[in-house]
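The values are calculated or read from the model by the stated rules, or taken from the named source; none is laboratory data. Not measured: the values here are computed from a predicted model. Glycine gets a Cβ as well: all are built from the backbone with ideal geometry, and neighbour counts include every protein chain shown.
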Amino acid sequence: MKKSFLFSTIFAFIALVSVQAEIFNSKLSSNEKQKLENGEVLIRNIKSMKDVCVKENDSSSRILATMKKLDPAFVAEVIQIRPVEGNENLIEEIDSTLCNIGDYVGIPYFSDRQQKWYELYSSAEIKKITEEKNDKQIDCILEMSLFGKFNSQINVTKDENFYFYELKNMENLIYHDKFTAVKSKKMVSCITVFRDDDNWVLYAIGGVDVPKLWFLKDRIETSFMNRIKTFCNFIFSKI
């Protein structure tokens with residue numbers, strides 16, 4: 001019994017290391033690799049798309065192409081590896097969570113600047129849902145503190161072993177009704193799930209394309225990137 005458990009543990013470890021070798025590049029540090037091996041959620045603040053840790057392949061090409069097109073000034077990755085065993089319905093679960101935008105309301109968000117807790121989204125309303133085969137588009141209105149309500153669009157592609165989700169603002173985000181903080185389609189969050197042998201790879205990346213003005217850089221990076229990381233991490237915790 002002990003030998004069987006030992007062998008299964010060793011096999012699982014080898015399989016996970018193999019996944020890392022196939023999926024990730026040399027940008028991952030040893031500490032980051034260890035977190036993934038432990039099944040933890042890894043959050044990476046990176047300087048640009050040149051620093052992403054995922055290799056481009058058939059499974060990751062769409063999410064990477066989406067973010068490269070955005071060319072964000074600020075970008076972060078959220079990653080986790082889970083075994084398929086015990087998580088066979090993971091794609092259905094994440095789809096159910098992400099497409100139920102009513103659950104976006106009330107996600108707890110901590111403002112480092114204000115040192116207070118807020119709701120990430122204070123309201124969410126679906127305007128229209130369009131579906132065709134494996135693709136779905138959800139046009140919606142989201143409300144975010146400091147920026148009010150704004151039109152957004154969600155695009156989803158799903159099949160048995162692959163999932164892709166994209167959320168972007170479809171109109172300018174106006175800070176306190178005073179000035180445009182982020183232009184239309186310039187704040188994007190993407191989540192993809194794909195199978196690699198006996199594991200699921202959960203990979204999220206979000207970015208904001210705004211000018212890096214020295215007097216706003218820290219405020220924008222802290223505010224928007226914390227929101228994106230909070231959203232992706234919350235979704236991972238729900239499934």
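Go through the residues of segment 160-172 one by one and say whether even a single one is in contact (Cβ under 8 Å) with a residue 60 or more places away in the chain, surrounded by fewer than 21 Cβ atoms within 10 Å (Cβ to Cβ) and of a type in the set (Asp, Glu). Yes - at least one qualifying residue is present in segment 160-172. Sub-9 Å Cβ pairs linking a first residue in segment 87-100 that is in contact (Cβ under 8 Å) with a residue 12 or more places away in the chain and assigned to a helix (DSSP H, G or I) to a second residue that is of a type in the set (Asp, Glu) and surrounded by fewer than 18 Cβ atoms within 10 Å (Cβ to Cβ), at least 6 apart or interchain, are ILE91/ASP159; ILE91/GLU160; THR97/ASP103, ordered by first then second residue.
None of ALA124, ALA65 is under 30 Å from LYS27 (Cα atoms) and of a type in the set (A, V, I, L, M, F, W, C) except ALA65.
Conditions tested, residue by residue: (1) surrounded by fewer than 19 Cβ atoms within 10 Å (Cβ to Cβ); (2) touching a residue at least 40 places away in the same chain (Cβ under 8 Å).
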position	(1), (2)
ASN57	yes, no
ARG82	yes, yes
GLU85	yes, yes
VAL105	yes, no
TYR118	yes, no
TYR121	no, no
ASN151	yes, no
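Does GLU32 satisfy the condition of being in contact with a strand residue (DSSP E or B) (Cβ under 7 Å, 6 or more places away or on another chain), in a helix (DSSP H, G or I) and over 28 Å from LYS127 (Cβ atoms)? Answer is yes for this residue. In segment 122-137, the qualifying residues are those that are of a type in the set (S, T, N, Q) and within 15 Å of ASN100 (Cα to Cα), and the one that is modelled with the lowest pLDDT is SER122. Among strands (runs of 3 or more DSSP E) entirely within segment 138-211, having at least 2 residues that are modelled with pLDDT of 95 or more and among the basic types (Lys, Arg) singles out 148-159.
The residue that is nearest to ASN226 (Cα to Cα), counting only those in segment 48-86 that are part of a helix (DSSP H, G or I) and in contact with a Ser or Thr (Cβ under 9 Å, 6 or more places away or on another chain), is ILE63.
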